[in-house]
Every structure is written in structure tokens, then in C-alpha cells.
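See structure below.
The values are calculated or read from the model by the stated rules, or taken from the named source; none is laboratory data. Just so we're clear, the structure is a prediction, and the values are computed from it rather than from any experiment. For neighbour counting, all protein chains shown are included, and Cβ atoms are generated from backbone atoms with ideal geometry for every residue, glycine included. Heads up: the accessible areas ignore ligands, DNA and RNA and are worked out on the full protein's heavy atoms, side chains in. Shrake-Rupley method; radii C 1.70, N 1.55, O 1.52, S 1.80 Å.
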Amino acid sequence: MAEIGKIAVIGTGTMGRGIVQWAAEGGATVLAFDEREGAAAGAKTFISDMLQRAVSRGRMAEADRDAALGRIVVAERMEDIADADLVVEAIIEDLDAKRDLFRRLDGIVGENTILVSNTSSLSVTACASACRDPGRVAGLHFFNPVPLMKVVEVISGERTRPEVIDALLAFVARTKHAPVVCSDTPGFIVNHAGRGLGTEGLRIIQEGVATFADVDRVMRQCAGFPMGPFELLDLTGLDVSAKVLREIYDAYFQDPRYKPTPLVYRRVEAGLFGRKVGEGFYRYQDGSKVEPPEAEVPQRVPARFFLEGGEEALAARLREGGLTPVDDAADADVVVLCPFGDDATTAALAGNYQPEKVVAVDALLPACLESGGRATLMATLVTPKETVDIVHAALAAAGLRVTRIADSPGFIAQRVLANIVNTACEIAQQRIATPQDIETGVSRGLGYPQGPLAIGDTIGPRRILDILERLQAITGDPRYRPSLWLRRRANLGLSLKTAE
Ligand SMILES: NC(=O)c1ccc[n+]([C@@H]2O[C@H](COP(=O)([O-])OP(=O)(O)OC[C@H]3O[C@@H](n4cnc5c(N)ncnc54)[C@H](O)[C@@H]3O)[C@@H](O)[C@H]2O)c1
């Protein structure tokens, strides 16, 4: 197949104009067309302003700006794009409109022209079937803002020819964006992988385990994510996310792994869409998020603690906080447990401890138990508040921030991270994408501190498997069933990136 040199972009709204800029900067000649009069010319002016800004900040040479702008041609009529090697459509997200467009393009462009859709949620295969030759149709899914989000999903429809995918990969590789290949499945890689964070965060608050702000603080300050699930929902807009949550759940025939929670839909009805309307989960004042206050740190009291297991960092923090270790739980005022996947109640009973004395601390991520980290505490229903206060005050005195939650198998970080890893494993298991492309897609598309399979490898596949098995056993909820990809690699002691 000939190298792609000239591309056309149909629809120059938010995404289309970004795609035009990306392709022109990458060295291609770009024909820009929009059915709305003046829209394509307006997009070129917008891009000119963007490139000028890059020049002013010293990020682009004037000559490169001029060359990129010189490569953008505004097409007045759709017929003017006839000699493009590749056509990218970025029109409204409506299957009939996209199929109608593909049918028209079929009659305009040459037989070797590749046609692609930037759809987020429609089937590329369904768009392609409007063409006489569906083999030349694929998906190129970009992220907003296109010039900054340096990853593109290259989607192979049911009938897409392999050489079409090869030509697209070669074209994207000439730009600053990384191409990742995936099959035509709901959410592709990135929006599918993103379910782990959002749906589990929602479930935690639906169950009354923690507040949305607690979940976000733990995911940001403990797990190192750029944003917690509720900050992300507020940024994306709950009106948009609620639709995607339901679409992916339905598209996978109500697989409990993707099940949303009713509270999302009540909030949409209430118009609490997020940042763009000034209130979502958070309130926004002058565009800035108002952080809900945290629980007060209780007074320190001298007490004796018994710590099960060898969590040295935690023992050190408790001692620094003024507590005295004892070797026998019977002599302790507080029994500190560090369960993986169990709630405090199950862990207390399994260890034959008096539930009244038990406080559980999440020890999944070592950095959370270092000074400046954030510890998560939970206790049994019969543990007095004053007993939890002892641990809270000691950890705060040792320089930790503390999140107190209701008793829950897997605290916050264990639940959310295990779900993120499990979802990525299932994407690999279903051969939607290779492990490497899952990692690239998610770390670039969602900004996670590591790819999801690497997160699993760092924590340990065996531990992730244990957490999910305990979650499934205690809750009885099949949403936590471990992916076979995870189970096999955990049992064989292999990296989650091991391909088959
Ligand atoms: N906005 C995002 O974050 C995002 C991210 C990835 C993918 N997408 C997908 O990209 C596509 C475009 O989204 P957007 O946010 O840029 O929308 P948008 O509304 O900003 O832009 C759509 C543009 O297409 C034009 N248009 C509509 N029908 C047309 C037609 N038949 N022929 C020519 N032009 C036509 C409109 O005039 C408009 O300028 C959608 O399929 C969307 O799902 C959006």
C-alpha cells in the first residue's frame, strides 16, 4: 500500500481541528472540511493561534509553524478531498450520520484511499459496512486535546485489511504520537481500561465505605494517580460519563465487572455535571475545586499495640507516634492488622482476636506508610471510636495523613487497584490488544503512574489475585472474579506482561 502523504479531515470541531494540527505538524498535507460554513477556516485560524503560542513559548521554530500552516488547505466542498490517501472523519457521534458520510466518501475518493472514524463509542465495523469496500475502513481514536495526548488507538474492524492497519501504523509512527492497535470492541483499550478506576470508586461510595473525597485523596496521595475517580468524573462531565458507563456495561451484556451505580443517574438528573457547571461531586469556586475538610486528628494517648505480621514500616510509625509494642495481643490496647482483601471483621475473626481491639491498616503500598504518605484505617463494627483514635493520632504524629473508612474488604486502594489490574488483564485475555499496547495506551491516555499490568507486577500478581478472590468470597459479587490472564500468570509466577 502506498505511503500516506495527504490526508483529509471531515468535521473540524474540537477533535477534528486537533487532528488537522497533529497531521500538519507531522508533515502531512491536510485538507480540512466541515459542512458548517466557515468552520474549517475557523479551525485553521484556531490552529494558527495555537502554533503562534508554541512559538512565543519557544517550543516551536517560526519556520516550522509556517510550514505546518502551509500544509493545511481548507476544502470548500467535500469533492475537493478526492485525492487524499487517508480520510479521517470526526463528525458528530451518530451512527446514521457516520454511515451516510462513509457512503458519500465511497463515491468521491479513489479505491486505494483509507477511510477511518474517530468514533469513541460506535462500532467501526458498523460504520464500515456502509462502504462498498469495508476492508479499507478502520478506526483512529484520538484523545482530547489531540496535540497533547500523544497516543492514538488504531482500530481494526471485522473486515479491515491488515495492510490498512500497517499503513496507518506507519503514518502515525511518523508523528509524535504512539499508535496502539486494538480490535473493534466497546471502549477499545483506554476507555475500557478506565472502567477499573471509575466503577470501583463509585461502588465504594455507593456502599457507604468512604466519601468521594476520601477515595480521591487515597488514589492521588497514596497510589500516585494524577486524579482520583471523582475529580476525573467532574472534569469529563457526569452527563458524558454516565452515558459511557451504561454503554460499556450494556455492550458487554451486563458483565458485573462494568456495572455502574444508581447514584450517578440521580446526580445527572440533578444537573450536577461537574466542573463545567460549577458543581459535581465537588463544588468549584472561580474555577478551583473546593476541597472538603478532613477529619480532625484526635489527641494522642499512651497505649500498647500488637501488630500482626511483619509490616516493619508500620511498626516503626506506630512507635514514632508514641505507642508501645507488645508481643501478645492479650496485653495490647489495640490489635493492628494489615489484611489483603479481607475486611477488619473477617481478619479479626480469622486471627482469633477480640474484634473490639482490632484496627486494620492498608499496607498494600509501602510509600503510604512512610512519613508524608497517607494511611487508610478501618475497624470492626464493635471497635470503639477511641481505639481507632489511638492509631490515627499515632500515625499523624509520625507524619502521615490518615483516611478513616467504614469496614470494607480491600480498603480503597486495594479494591481500586485490583480492579484496574484485573480489567487490563481481561483486555489482554480477550486479545483486544497486546500487553505492550495496553501499557502504552493507558499510561499515555489516562496518565496513570505506570501501565496497569506494570501496577500488577509491582504489587505482585499473586497478591492481586488474593485480593480479588477474598473480595469475591466475602461480597459474593462476580464483579471481582479474577481474569484467567491474571490467575495463570500469578500461579506460574510470571509477569502480567507475558504474552501467549
Ligand atoms: N470530544 C472528545 O473528547 C472526543 C474524544 C475522542 C473522540 N471523539 C469523537 O470525535 C467525533 C467528533 O467529536 P467532537 O467533540 O470534535 O465534536 P464537535 O461537535 O466539536 O465537532 C463536530 C464537527 O463536525 C461537523 N459536522 C457534523 N456533521 C458533519 C458532516 N456530515 N459533514 C461534515 N462535517 C460535519 C460539525 O459542524 C462540527 O464542526 C465524535 O465521533 C466523538 O465521539 C470525541
Which of the residues belonging to region 354-398 are open to solvent by 40 Å² or more (accessible area, probe 1.4 Å) and either in contact with a Ser or Thr (Cβ under 8 Å, 6 or more places away or on another chain) or of a type in the set (Phe, Trp, Tyr) (or both)? Glu356, Leu381
Filter result for Glu35 (open to solvent by 40 Å² or more (accessible area, probe 1.4 Å) and within 11 Å of the ligand (Cβ to nearest atom)): yes
Those residues that are open to solvent by less than 40 Å² (accessible area, probe 1.4 Å) and among the polar types (S, T, N, Q), I need them from region 247-291; list them, please. Thr261
Within region 170-212, the count of residues that are open to solvent by 10 Å² or more (accessible area, probe 1.4 Å), under 15 Å from Asp437 (Cα atoms) and in a helix (DSSP H, G or I) comes to 2
With the first residue restricted to region 85-106 and required to be under 11 Å from Val137 (Cβ atoms) and more than 8 Å from the ligand (Cβ to nearest atom), and the second required to be β-branched (Val, Ile, Thr) and assigned to a helix (DSSP H, G or I), Cβ contacts under 8 Å at 6 or more apart or on different chains are Val87/Ile81
Of all residues being of a type in the set (D, E, K, R) and more than 31 Å from the chain's Cα centre (by Cα) in region 38-63, which is least open to solvent (accessible area, probe 1.4 Å)? Just the residue, please. Lys44
Among (1) near the ligand (Cβ under 9 Å from one of its atoms); (2) surrounded by fewer than 18 Cβ atoms within 10 Å (Cβ to Cβ); (3) modelled with pLDDT of 95 or more; (4) closer than 25 Å to Arg161 by Cα, the one test that Ser121 misses: (3)
Note: among Val277, Val209, just one is out of contact with any Phe, Trp or Tyr (no Cβ under 8 Å at 6 or more places or on another chain) and under 29 Å from Gly372 (Cα atoms), namely Val209
Among the residues of region 20-28, is any at pLDDT 95 or above, near the ligand (Cβ under 8 Å from one of its atoms) and buried (at least 22 other Cβ atoms within 10 Å of the Cβ)? no
